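Below is one structure; the comments refer to it alone.
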Amino acid sequence: MDTLIQRLLVAFHHLRKKLDQDMQAMTSYPVTRTQFILLLLISREGSPKLARLAEEMNVQPSAITVLIDRLEKLNYVKRITDPDDRRSVRVELTPLGREIIHDFRQRRRGILKSYLNRLSEEEIRTLTELLEKIANGDPFDTEGKGQ
């Protein structure tokens, strides 16, 4: 079992590295992987508070401030005052930021499709079901009771 776990970890690492490299090669935007993740999070959340972003990304609020400053200078995001709490700041995507996210998602989908072209439809279905099972499972269920 330990050998299989090691193989899985190595495969995940290589897949993530390959996806990052392929996305970087196809992207002309001057943003880092972390900034893309932040843009995706903002897109998903709508107009989150900076504290919420720091919590989601597991970083200090000051780190989020620096990231948002850079994205704001690129005109990808803008800060807005929270209508419910004027002391609080929220952030939202600008039209350019939304365009970048749309383009990114299309490119990512195309890259993933090219990876999956190596598999049969049945293999893709099985892979999807297994990943969903892992993602939805209880990480502390070490005896497989949650099946």
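This table checks each residue for (1) in contact with a Gly (Cβ under 7 Å, 6 or more places away or on another chain); (2) modelled with pLDDT of 90 or more; (3) among the polar types (S, T, N, Q).
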{"residue": "Ile64", "(1), (2), (3)": "no, yes, no"}
{"residue": "Tyr76", "(1), (2), (3)": "yes, yes, no"}
{"residue": "Arg86", "(1), (2), (3)": "no, no, no"}
{"residue": "Ile134", "(1), (2), (3)": "no, no, no"}
{"residue": "Thr142", "(1), (2), (3)": "no, no, yes"}
**Complete:** For region 53-91 the number of residues that are more than 15 Å from the chain's Cα centre (by Cα), of a type in the set (D, E, K, R) and surrounded by 15 or more Cβ atoms within 10 Å (Cβ to Cβ) is 4
**Request:** Go through region 41-68 and give me each residue that's in a helix (DSSP H, G or I) and hydroxyl-bearing (Ser, Thr, Tyr).
**Result:** Ser43, Ser62, Thr65
**Request:** State whether one or more residues within region 19-26 are touching a Leu at 6+ places or on another chain (Cβ under 6 Å) and surrounded by 13 or more Cβ atoms within 10 Å (Cβ to Cβ).
**Result:** no
**Message:** I'm trying to understand the selection: among the residues of region 20-62, which are closer than 20 Å to Pro95 by Cβ, at pLDDT 90 or above and hydroxyl-bearing (Ser, Thr, Tyr)?
**Reply:** Ser43, Ser47
**Asked** Any residue in region 3-24 that is assigned to a loop (DSSP other than H, G, I, E, B) and without any contact (Cβ under 8 Å) to a residue 40 or more places away in the chain?
**Response** no
**Subset tally (residues that are charged (D, E, K, R) and without any contact (Cβ under 8 Å) to a residue 12 or more places away in the chain) for region 50-66** = 2
**Request:** Considering each residue of region 27-46, count those that are in contact with a strand residue (DSSP E or B) (Cβ under 8 Å, 6 or more places away or on another chain) and either without any contact (Cβ under 8 Å) to a residue 24 or more places away in the chain or exposed (fewer than 14 other Cβ atoms within 10 Å of the Cβ) (or both), and give that number.
**Result:** 1
**Prompt:** Which is basic (Lys, Arg) and closer than 16 Å to Arg107 by Cα, of Arg70, Arg33, Arg44?
**Reply:** Arg33
**Request:** Could you tell me whether region 70-91 includes any residue that is touching a Ser or Thr at 6+ places or on another chain (Cβ under 7 Å) and in a helix (DSSP H, G or I)?
**Result:** no
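The values are calculated or read from the model by the stated rules, or taken from the named source; none is laboratory data. All figures in this text were calculated on a predicted structure; none of them were measured in a lab. Note that we place each Cβ from the backbone using ideal geometry, even for glycine, and neighbour counts take in every protein chain shown.
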